[in-house]
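The values are calculated or read from the model by the stated rules, or taken from the named source; none is laboratory data. Here the structure is a predicted model, which means the values were calculated and not measured. Cβ coordinates were reconstructed from backbone atoms using ideal geometry, including for glycine residues, and neighbour counts include every protein chain displayed. Areas reflect the complete protein model, heavy atoms only, side chains present, ligands, DNA and RNA absent. Shrake-Rupley method; radii C 1.70, N 1.55, O 1.52, S 1.80 Å.
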Amino acid sequence: MARRIGVLTSGGDAPGMNAAIRGVVRAVSAGSGEVIGIRRGFCGLIDGSLEGLGPRDVANILQRGGSILDTSREPRFHDPAQRHKAIETLERERLDALIVIGGNGTQRGALLIQQEWQGAVLGVASTIDNDLGGTDTSIGFDTACNTALEAIDRIRDTAHSLDRLFFIEVMGRRAGFIALEVAVGGGAEAVLLPEVELDTEWLVNVIRSNHERGKVSCIVVVAEGAHPGGARGLLLEIEAPLAHLGLPGSADARVTILGHIQRGGNPTVRDRVLASRLSTFAARAALEGKRGLLFGVRGNTVCETPFATALAEEKLIDRTLLDLVNELAG
Ligand code: F6P
């Protein structure tokens, strides 16, 4: 039975990571195990930066964004010699299991350690992008969407008052989950996603037809990966055909890039509950000696999926939501 369990957060921070750390510490402690926190993700594993975490050390963090353990994007992890150093740390610290909280890149790292280390590695799905397989939704996604939505609502006030066209860029280099969700929630006139081929002629037509139907403001939500230059690049590309239309507000269009405000902040209740559930299941699984599994949620049920299966899953956007944006822009 696993007794000494390591925990780390890695990759882009996501609101709810602290709730997940708390869940691991409290659930492992309840099962008479011991938790060792690893600082700055895989970086701390390579460099041996660790600290014991007891139930009182995770007091008052449930509601905080970021990660008390900090996080990193660690390129050294692609080097087998560096991974060997990480595994030496796990051995030296006599860890039986490691719980890894993060998104796609992080869980790929977790799979590599699981293949090279005899201890147990378990994953907790956490990324604002929600582009990780093995789960319907990941920790941080709901908060990021709510943060972006609040900003979009505010911009709508200005767009409406000034009869102006706005392009709002949200996070998502490879995935349009945030963009799609906030486009529906924010009543966007159009949404552009990396998963859907860009058709600038269609977009200019949408903008023109909005105006012809008497709509006062127009908001186009752009996932950062929908155009190589993001929302700015998109506007540059369609500036001339837009100006040609001669519509009020269109020649004077604005771009707002929401950027990293989407990553921080207090997690929503949904993210706190999700983080608490997934981390507790992962902690119990570690105590039971399970290995190589990613914890996520399907419907309202917590599920465990082998790393390789989860990472091979192609997570698809819901095309019916895309239709909804176009239909409700009416
Ligand atoms: O964590 C995912 C993500 O927020 C992406 O949506 C975004 O493209 C990327 O991270 C930004 O990464 P960084 O903070 O390293 O610039």
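Out of (1) in a loop (DSSP other than H, G, I, E, B); (2) open to solvent by less than 70 Å² (accessible area, probe 1.4 Å), what's the single condition that is false for Ile46?
Only one criterion is unmet by Ile46, namely (1).
Name the residue that is farthest from the ligand (Cβ to nearest atom), counting only residues in region 209-226 that are open to solvent by less than 50 Å² (accessible area, probe 1.4 Å) and farther than 18 Å from Ile152 by Cβ.
Keep residues of region 209-226 that are open to solvent by less than 50 Å² (accessible area, probe 1.4 Å), which gives 209-210, 217-223, 225-226.
Okay, now just the ones that are also farther than 18 Å from Ile152 by Cβ, so 209, 225.
Numbers: Ser209: 31, Gly225: 7 Å.
Only one residue tops the list, namely Ser209.
Scan region 11-26 and tell me whether some residue there is touching a helix residue (DSSP H, G or I) at 6+ places or on another chain (Cβ under 7 Å) and surrounded by fewer than 22 Cβ atoms within 10 Å (Cβ to Cβ).
Yes, that holds for at least one residue.
From Ala183, Ala179, which residue is away from the ligand (no atom under 15 Å from the Cβ), open to solvent by less than 50 Å² (accessible area, probe 1.4 Å) and touching a residue at least 24 places away in the same chain (Cβ under 8 Å)?
Working: Ala179 fails: away from the ligand (no atom under 15 Å from the Cβ).
Step by step, each of Ala183, Ala179 is checked, and only Ala183 is away from the ligand (no atom under 15 Å from the Cβ), open to solvent by less than 50 Å² (accessible area, probe 1.4 Å) and touching a residue at least 24 places away in the same chain (Cβ under 8 Å).
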